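Novice: Below you will find the structure I want to go over with you.
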Amino acid sequence: MAKPHEEWTLEELRAEARRIVDELARRATAPAKKQKADIVRACEHWVRGYAWDETFTVEMVEDEFALHERKLAQTLPVAERQRLLELWNVLRDDRARRAA
């Protein structure tokens, strides 16, 4: 059982007040709900991180995008799909030039 407030020292009261303020600040800055993953960001991370193999084809990249869409239950917008395919082509060509 907590001790009565009249038995608290001034330092203990200050420390408790700081703890409460810190907790309220953490709660205020924490997101209320876990944000849903973003399909565009997930696909772009995949393109930048894993789609480097020169054996990858456009069909394989499209299949990976479809896998991400199913996993996240979101649809990749057409314009973003095209942008990511262009990014993939640029990165693949750049890596092939550096490897040669």
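Novice: For the stretch 9-24, check the following and say yes or no: at least one residue is in contact (Cβ under 8 Å) with a residue 12 or more places away in the chain and either surrounded by 10 or more Cβ atoms within 10 Å (Cβ to Cβ) or aromatic (Phe, Trp, Tyr) (or both).
Specialist: No, there is no match, as no residue in the stretch 9-24 is in contact (Cβ under 8 Å) with a residue 12 or more places away in the chain and either surrounded by 10 or more Cβ atoms within 10 Å (Cβ to Cβ) or aromatic (Phe, Trp, Tyr) (or both).
Novice: Among the residues of the stretch 43-100, which ones are in contact (Cβ under 8 Å) with a residue 24 or more places away in the chain, aromatic (Phe, Trp, Tyr) and not in a helix (DSSP H, G or I)?
Specialist: 52, 56
Novice: Return yes or no: is residue 65 under 16 Å from residue 37 (Cβ atoms) and surrounded by 13 or more Cβ atoms within 10 Å (Cβ to Cβ)?
Specialist: yes
Novice: For the stretch 49-59, give me the residue count where each residue is at pLDDT 90 or above and surrounded by 13 or more Cβ atoms within 10 Å (Cβ to Cβ).
Specialist: 0
The values are calculated or read from the model by the stated rules, or taken from the named source; none is laboratory data. Remember, it's a predicted structure, so these values are computed and weren't measured experimentally. Cβ sites come from the backbone with ideal geometry, for glycine too, and all protein chains shown count toward neighbours.
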